[in-house]
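The values are calculated or read from the model by the stated rules, or taken from the named source; none is laboratory data. Just so it is clear, the structure is predicted and the values come from calculations on it, not from any experiment. Here Cβ is always computed from backbone atoms with ideal geometry, including for glycine, and neighbour counts include all displayed protein chains. Ligands, DNA and RNA are stripped out before the accessible areas are found, and what is left, the full protein with its side chains, is counted by its heavy atoms. Shrake-Rupley method; radii C 1.70, N 1.55, O 1.52, S 1.80 Å.
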Amino acid sequence: MMADRSKEGLIKQGIGSGLGQETMTESWIRAAVEAIHSTPTQAVLYFSGGASQVLGWLSSIPGASNTVLEVIVPYSRMSMIQLLGKVPVQFTSKETAEDMALVAYNRALKLSKPGAPVVGVGFTGSLVTTRPKLGDHRFHLATRTSNQLWASSVTLSKSLGRSREQEERASSQVLLKAIADACKVSSSIKFVSDLTEGEVPAVSEQCFDEDQELEQLIHGKICFKVFPFSSGIQTTSGERKVILSGSFNPLHNGHLKLLEVAMSLCTDGYPCFELSAINADKPPLTVTEIKDRVKQFEKAGKTVIISNQPYFYKKAELFPGSAFVIGADTAARLINPKYYGGSYKNMVETLLGCKNTGCTFLVGGRNMDGVFKVLEDFEIPGELKDMFISIPVDKFRMDISSTEIRKSRV
């Protein structure tokens, strides 16, 4: 009985409605969705002008909450412009689908569990509408993963006289197949399409190696990259990231111990180290420098995120809801108006912005100019006090620093 009810749900969502060869089509769609949900891949989907049945198919079968992080339909002109941060040269085009996929990929990185594979999906179409169209009925879609940007364009035959529902269905089939491809599960599924032999997709593909991906990060095209070296990271139940940021030149036992203690205070989080490729006062790290520092975390078996944001108010936007693990010296800088143009008001407003993202700061003691300081040694503005949490000295005190280690090696 349960299987029959699921089947009815699929039909109500548009699988098999109104066509003759429904059994075979329904079968591959169900198989594709189940296979997609069985993978650890998490997705953000942005589509406009078609393929709307995909959401119904994905959500009709259990497991959608593990796969789908967010769906947005930027139908209006202004919605699309705000989504992309620019005015597209052409709203229904391969380039716009690729831009949508890249924005979706970056969004998926922010929303996903650390280390989970993610895919950004973009779709834009110009299908049957209430008025006759002089141009082609067409659609473009793209998927972006860590190492690939894939795109497909299809021109539909107007002479077939398809209804809007039929063109939606055909475009949804192609998009679902693309998502299955991105999740690497399509090889075991027999794809059935309502497209005719003359409606052949024009496909393009770009592949990236790790160096190219890091170059994209340095230049701001992608927001961060996760190296999930920690064992068991996928099985942690919480969604909050517990992040220790630094330059890690080198990574040392003090870093490892501090994050370990922080995790005892945030037991529902994912422990992550974070290295910014961009420094506020120095040139960006090179790809070689990043890879050298990443090797330290691989050896230690710890997850590290490479980002391109040196400032904590930007990190808060990049990792909303996270707990940042910092030393007392960093806390002192965070609340010092000197770093906000000398304005106390700007300092408070900036940190309130961090607070509004759901972020907190776990503060460990640190030796500052020969004196060991803890959070309680500083005057935190009243409206920010609940955002700062002290790590007790009896749980963590280690005066070692990367600077001292580098000096000792000279």
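Screening Val192 with (1) farther than 21 Å from Val73 by Cβ; (2) crowded, with 17+ Cβ neighbours inside 10 Å gives one miss only, at (2). Scanning the stretch 63-105 for residues that are polar (S, T, N, Q) and surrounded by 19 or more Cβ atoms within 10 Å (Cβ to Cβ) yields Thr67, Thr92, Thr96. Candidates Ser276, Ser307, Ser247: the one that is closer than 28 Å to Asn66 by Cα and not aliphatic (A, V, I, L, M) is Ser307.
All conditions but one from (1) open to solvent by 40 Å² or more (accessible area, probe 1.4 Å); (2) part of a strand (DSSP E or B) apply to Lys113; the one that does not is (2). When you check Leu258 against the structure, is it outside any strand (DSSP E or B), buried (at least 16 other Cβ atoms within 10 Å of the Cβ), within 20 Å of the chain's Cα centre (by Cα) and modelled with pLDDT of 90 or more, yes or no? Answer is no for this residue. Inside the stretch 30-73, can you point out the residues that are assigned to a loop (DSSP other than H, G, I, E, B), farther than 14 Å from Ala178 by Cα and not small (Gly, Ala, Ser)? Those that are assigned to a loop (DSSP other than H, G, I, E, B), farther than 14 Å from Ala178 by Cα and not small (Gly, Ala, Ser): Thr39, Pro40, Ile61, Pro62, Val73. Restricting the stretch 1-58 to residues that are at pLDDT 95 or above and touching an Asp or Glu at 6+ places or on another chain (Cβ under 9 Å), the residue that is surrounded by the fewest Cβ atoms within 10 Å (Cβ to Cβ) is Gln53.
Which residues, counting only those in the stretch 116-150, are part of a loop (DSSP other than H, G, I, E, B), over 20 Å from Phe319 (Cα atoms) and within 21 Å of the chain's Cα centre (by Cα)? Once the filter is applied, which keeps residues that are part of a loop (DSSP other than H, G, I, E, B), over 20 Å from Phe319 (Cα atoms) and within 21 Å of the chain's Cα centre (by Cα), the stretch 116-150 yields only Asn147. The set of residues in the stretch 313-334 being in contact with a Ser or Thr (Cβ under 8 Å, 6 or more places away or on another chain) and surrounded by fewer than 19 Cβ atoms within 10 Å (Cβ to Cβ) consists of Tyr313, Glu317, Pro320, Gly321.
Being part of a strand (DSSP E or B) and within 23 Å of the chain's Cα centre (by Cα) is a condition met by no residue of the stretch 153-168.
Of all residues in the stretch 268-293, those that are touching a residue at least 24 places away in the same chain (Cβ under 8 Å) and open to solvent by less than 50 Å² (accessible area, probe 1.4 Å) have Cβ atoms under 9 Å from Cβ atoms of residues that are assigned to a helix (DSSP H, G or I) and of a type in the set (Phe, Trp, Tyr), 6 or more apart or on another chain, in Phe273/Phe297; Leu275/Phe297. Taking residues in the stretch 377-400 that are under 19 Å from His255 (Cβ atoms) and at pLDDT 95 or above, and partners anywhere that are open to solvent by less than 70 Å² (accessible area, probe 1.4 Å) and of a type in the set (Phe, Trp, Tyr), the pairs with Cβ atoms closer than 9 Å and at least 6 places apart or on different chains are Ile389/Phe361.
Residues in the stretch 352-375 that are at pLDDT 95 or above, farther than 21 Å from Cys266 by Cα and open to solvent by less than 50 Å² (accessible area, probe 1.4 Å): Gly353 alone.
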